[in-house]
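**Q** To start, I am sharing the structure in question, which I have written as structure tokens.
The values are calculated or read from the model by the stated rules, or taken from the named source; none is laboratory data. Owing to the predicted nature of the structure, the values given are computational and were not obtained by experimental measurement. Cβ: placed from backbone, ideal geometry, glycine included. Neighbour counts: every protein chain shown.
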Amino acid sequence: MARLSALGVALLLHSVIGISYYYFFKMGRCSSQPSPILGNWLFTVSVVSVLQAVRLIPSEVPDFTALVLETIMCCFVLDLMLTKLWCRIESLVHCAIVGVLQICPVGDDTFLTYEYWTQAILTTVIGACLLWVTAWAMALPRRLQHGLQCWRRSCHRQLSRMLFSSMETRPPLRQESSLSFAA
């Protein structure tokens, strides 16, 4: 699992300060219009939760070296996921919104307002859905382990009940019947 300090430094460098190889080579934003960042932050949280759950560096590596390597790897993964995947999602949503809104007969100011708020709502919903799926997927191994333990207990109970229930329900032998038979 990645250290929280490495994730924190990577998040600070990439998302707060804005250090990114993508922005050095391509100056600009993902879409042509300025877009709301709530969906972007939700997607960032989902990527960080995946990074926190994955072991990036073996435990034999010294602490400072592991911290530096994990920070670099986290920055790279954040940069790759946000600039390549999220920018594609955002561009696709923006293209769809413009395509739908061009059908509506509205003025330029109204068009820009509808475009901004529709993109804000859709990217936030997409980011929230990706965060929910990520949180569900991160809890899946625990749920599977818990389900396996519950299934094992249930099978043990059923097997015990099946094997030992015949002993419990047998009527005890009566002394009178054995004595009368012998007489």
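**Q** Of the residues that make up the stretch 162-182, is at least one closer than 30 Å to LEU51 by Cα, loosely packed, with under 10 Cβ neighbours inside 10 Å and modelled with pLDDT of 70 or more?
**A** So the first thing to find is which residues in the stretch 162-182 are closer than 30 Å to LEU51 by Cα, and the list is none.
No, that holds for no residue.
**Q** State the number of residues belonging to the stretch 113-158 that are over 24 Å from GLN52 (Cα atoms) and modelled with pLDDT of 85 or more.
**A** So the answer is 20.
**Q** Right, ILE57: surrounded by fewer than 14 Cβ atoms within 10 Å (Cβ to Cβ) and modelled with pLDDT under 85 or not?
**A** Values: surrounded by fewer than 14 Cβ atoms within 10 Å (Cβ to Cβ): no; modelled with pLDDT under 85: yes.
Answer is no for this residue.
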